[in-house]
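What follows is a set of notes on a single structure, which appears directly below.
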Amino acid sequence: MMNRTDAWSGGSHVAPMVVLRLEGDWGRAAREFLDATRERLFAWHCEGAGGSAVVQAYTAAVDGLIQVLFDASANEAQQKFPVLDQSFALVAQGGYGRGELNPYSDLDLLFLYPYKSEPFIEYVAERILYTLWDARLTVGNALRSVRECLRLASSDFKVKTALLDARYVCGDKTLYDDFSQRMEKEVLNRDVDRFFQNVLAEIASRHHRYGDSVYLLEPQIKEGQGGLRELHAALWLAKVKFKTNRLGELVQKGILTEREHAEVEEARDFLFRVRNALHFLARAHQDQLTFEYQERIAPMLGFVDTPQMKGVEHFMRAYYMAAATLDRFAADMIERCVRQPRSYFSFFRTRARRIRPGVTIAQGLLSISGPEILQADPSNLVRLFLDAQRHEVKLSRATKRILRAHLHLLDDTWRSHPATVDAFFQILKGKNVAETLRDMHQAGVLGAFLPEFGALTCMVLHDVYHIYTVDEHSLRAVQELEWLRAGKYHDSVPLLTHVMRDIDRVDLLLLGMLLHDIGKGRGGGHSERGAAMCDAIAARLHLNPDEAAQVKFLVAQHLNMAHLAQRRDIHDPRLVIDFARRVETLDNLKRLYLLTFADMRAVGPKIWNSWHDMLLSELYLRTAEVFEREAFIEEDYRERAARVRQRVAAASTVPEAIRERFLAGMPDRYFLSTAEETILHHLELYRDYHEGEVVCSVRHYRERAFSEWTVVTADRPGLFSMITGVLLAEGMNILTANIHTSAAGVAVDVFRISHGDNPETVVAPERWERAEANLRQVLAGSLDVEQLVERARPRLRLPRRYTPRVPTQIEVDNQVSEHYTVLDVYTHDRVGLLFTITNTLYHLGLSIHLAKITTNVDQVLDVFYVTDGKGQKILDQEFLDRIRTVLYQRLTEDSAEAPTRAAAVGAGA
């Protein structure tokens, strides 16, 4: 029996001790030792132990285990092979070599021998490895001679980086020390350029593989950009360039400042703490910080909900800030090690060009002579980025480091200094604005100049809809406007491109875009809060009243146009007129239209689509017409409906009696919301309709990515729900539904169906033939629509994937429409959701006249324009409360349902 105890120190506390008793079944003993160790360390972790402390403690425990196994197996081997050469060392490599084992990390062991492998060495290695495998550890291993290690390290990048992190564990220390010296002499200092290029290639490949962003929704905490591997790569470079991979020694050599050292250590400790939590919760090697783990880890690390943000949002903000620190450190180290001139001659080939006192450009990088030019004139913190923008270069990493160390100079006085403000507006008026603002932000200058924007740094919204942090989203939105102005989207959004070219003060539009979300993180109503903050900003930036009003308007109204276009009846004359009055001027409308486009595109890659373009453009054109015609009274629209009737009557070939019955019986809203060509088509369907029958027609609009299904039949209670159920059974994703009923009780229901990512499956004729056949049976009473939906559920279900739950909310709006009560339903998507809602409304005795369906990944925002059984707007408060209660109960009953295949097809629609 062999015993071992260790006191593991970490931080200001001592880690709990576990006794290893190696007797009997070694594998079982090792497993019990590791399980007990993890249990103690988990408790210590929950008490607040630092990430590095827990990592060091677990590494020490594994060291102790391996040393005991080494001694015990060597004793056994000595009895079996007493005369053989017993000289070898057991070396830790990779993460284990760095002393960075998280609770379920893999091990990488090297059994190092002088010349050739002996049975003694092989026996010890086999005994140790089998014991560790029996203890359920994943162990990479190699038995190599010193010569073989040096040869492989010279030619194999992975072997070289593993050995850069090598650490002696037990065995022949002299052998290891000799090997380490030869490694530095024969490998480390040779082919340096090739090694650096290999490191850069590894970084680029890894970033591409794991998402090319620090700010992913579910980041890979080890391999992703800004993850722990970022630090490893930087320290590999440092080991070769500066002969050390220890942060403290880099400070001593003048490579890092004390402040930078502290920032990197703090970031590493935080990521260790997060990775420890991941491993403890998964009880396995787990490096993907999924939504589920985010929600479980946040309270474990002390992040709690506040009135402004959820605990998990505070947690992820801390994560992104730590990851950004490691990403920046790696980029700094790359510039120091790889991109500096290496020789006297290369220096003269890239001689610096002076552009103004203290500012030079060389090798495409702008540098300053020292911090004195910032101290003498703090406006240079902003002016340097204007210099870089005008000369189309980047600031050197060394210059950015100086800037970060002197951000305090940009105080209230210098934020509003004319030189600083003028430089900022010159940037907004120049080229590559978004790129320049991003560089300013990464250096900390943008947040120092605009503290309101700085407060958005790494701010997170915990859902799958908002792909980026708030600051990243805002910068991407500025980029979208620049691309629009440059004509990048001319073919896809010609109207927006034309409007963009009409804007005279693009700098104010870009400023409004940059500031549009500054109210976030301060409680509800971020548009109003942000607008209130604009007054102080405008004063600091010396904006005149008109300029200040433009920016404030954009911040205050930035959600309104998208809200109306996607969730309200934009064919309602009253709504369009009210919107025009709120916007006040055609110029304001143009700016808001552009900002809304950029805001939506910058949310995520699949949010903006041709459907949103059509809705937003139609609202823009209808509102612009109000300004151009000064048509601020509803009577104009009634006259327009009459003119549409007259033109359709003149163009139609349908028999006069049928035509007049149809045109006279349909409401004004139908003629205002339906294209004349479509009305003519509906007239033909109406001609073919006979009482008690159903007439269906589908038309596909590939360029707009939707199909339109029209159903003409006798109106009846629950008709909308029946049609919805039939479409659901076919896996169709409904975008909108317009329900028009003539005075004679004939319904003309028009459904628009998203093509999503699979247009060919949506336009397939057999699907629509099957849908029509099913609808006929449902209307005839020979097929129960609820049974049809139930049979379809298994076919539509997608594999489960955890996403943050969207709390179900039902809101009632009796102000926006003169004739209808509007129900807004917010919930998470699931199989049969739309049918559940419409069926519930039917059983409540409500008639649906318009439905607008928005599915953003897993978030559903469904809108229904409804009336009671008498066709009246619902004003009775008790009935409204009952509608809310019943609908909420029905939606929460099946809240565990998986998302629908149709919703996945139409994500973002």
Please note which helices (runs of 4 or more DSSP H) are completely contained in the range 742-809 and include at least 2 residues that are loosely packed, with under 14 Cβ neighbours inside 10 Å and of a type in the set (D, E, K, R). 765-780, 785-796
Could you grab me the full set of residues in the range 846-893 that are assigned to a helix (DSSP H, G or I), free of Cβ contacts under 8 Å to residues at least 40 places away in the same chain and over 19 Å from Val806 (Cα atoms)? Gln877, Glu878, Phe879, Asp881, Arg882
What single numbered condition from (1) farther than 30 Å from Asn198 by Cα; (2) at pLDDT below 95 fails to hold for Lys160? (1)
If I filter the range 826-844 down to residues being without any contact (Cβ under 8 Å) to a residue 60 or more places away in the chain and not in a helix (DSSP H, G or I), which single residue comes out as nearest to Arg805 (Cα to Cα)? Tyr826
Matching residues in the range 375-385 - criterion: being surrounded by 13 or more Cβ atoms within 10 Å (Cβ to Cβ) and farther than 12 Å from Ala443 by Cβ: Asp377, Pro378, Ser379, Asn380, Arg383
Sole exception among (1) of a type in the set (D, E, K, R); (2) at pLDDT 95 or above; (3) assigned to a loop (DSSP other than H, G, I, E, B) for Lys606, by number: (2)
Report whether or not Asp517 is surrounded by 21 or more Cβ atoms within 10 Å (Cβ to Cβ), in contact (Cβ under 8 Å) with a residue 60 or more places away in the chain, part of a loop (DSSP other than H, G, I, E, B) and acidic (Asp, Glu). yes
Looking for whichever is in contact with a strand residue (DSSP E or B) (Cβ under 7 Å, 6 or more places away or on another chain) and either part of a helix (DSSP H, G or I) or modelled with pLDDT of 95 or more (or both) here; the options are Leu90, Leu101, Leu150. Which one fits? Leu90
Scanning for something under 22 Å from Val464 (Cβ atoms) and surrounded by fewer than 20 Cβ atoms within 10 Å (Cβ to Cβ), does the range 837-845 turn up at least one residue? no
Go through the range 282-294 and give me each residue that's surrounded by fewer than 16 Cβ atoms within 10 Å (Cβ to Cβ), of a type in the set (D, E, K, R) and not in a helix (DSSP H, G or I). Arg283
Selection from the range 186-233 of residues outside any helix (DSSP H, G or I) and under 20 Å from Glu100 (Cα atoms) yields Pro219, Gln220, Ile221, Lys222, Glu223, Gly224, Gln225, Gly226, Gly227
Among the residues of the range 475-489, is any of a type outside the set (D, E, K, R), out of contact with any helix residue (DSSP H, G or I) (no Cβ under 9 Å at 6 or more places or on another chain), buried (at least 19 other Cβ atoms within 10 Å of the Cβ) and not assigned by TED's automatic domain parsing to the domain that holds Met316? no
Of all residues being small (Gly, Ala, Ser) and surrounded by 16 or more Cβ atoms within 10 Å (Cβ to Cβ) in the range 248-281, which is nearest to Arg38 (Cα to Cα)? Just the residue, please. Ala277
When you scan the range 723-735, how many residues do you find that are farther than 22 Å from Asn856 by Cβ, out of contact with any Leu (no Cβ under 7 Å at 6 or more places or on another chain) and crowded, with 24+ Cβ neighbours inside 10 Å? 0
Considering only residues that are surrounded by fewer than 18 Cβ atoms within 10 Å (Cβ to Cβ) and of a type in the set (A, V, I, L, M), look in the range 655-667 and name the one that is farthest from Leu685 (Cα to Cα). Ala664
Residues that are under 24 Å from Ile734 (Cα atoms) and in contact (Cβ under 8 Å) with a residue 60 or more places away in the chain, at least 3 per element: which helices (runs of 4 or more DSSP H) completely within the range 650-721 meet that? 668-673, 676-688
Given the residues Ala580, Ala538, which is the only one that is assigned to a helix (DSSP H, G or I), free of Cβ contacts under 8 Å to residues at least 40 places away in the same chain, surrounded by 15 or more Cβ atoms within 10 Å (Cβ to Cβ) and not assigned by TED's automatic domain parsing to the domain that holds Thr736? Ala538
Please list, ordered by first then second residue, the pairs with beta carbon atoms under 8 Å, 6 or more apart or interchain, first in the range 469-496 and without any contact (Cβ under 8 Å) to a residue 24 or more places away in the chain, second of a type in the set (A, V, I, L, M). Arg485/Met500; Arg485/Val506; Tyr489/Leu496
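The values are calculated or read from the model by the stated rules, or taken from the named source; none is laboratory data. Just so we're clear, the structure is a prediction, and the values are computed from it rather than from any experiment. Neighbour counts run over all protein chains shown; Cβ positions are idealised from the backbone, glycine included.
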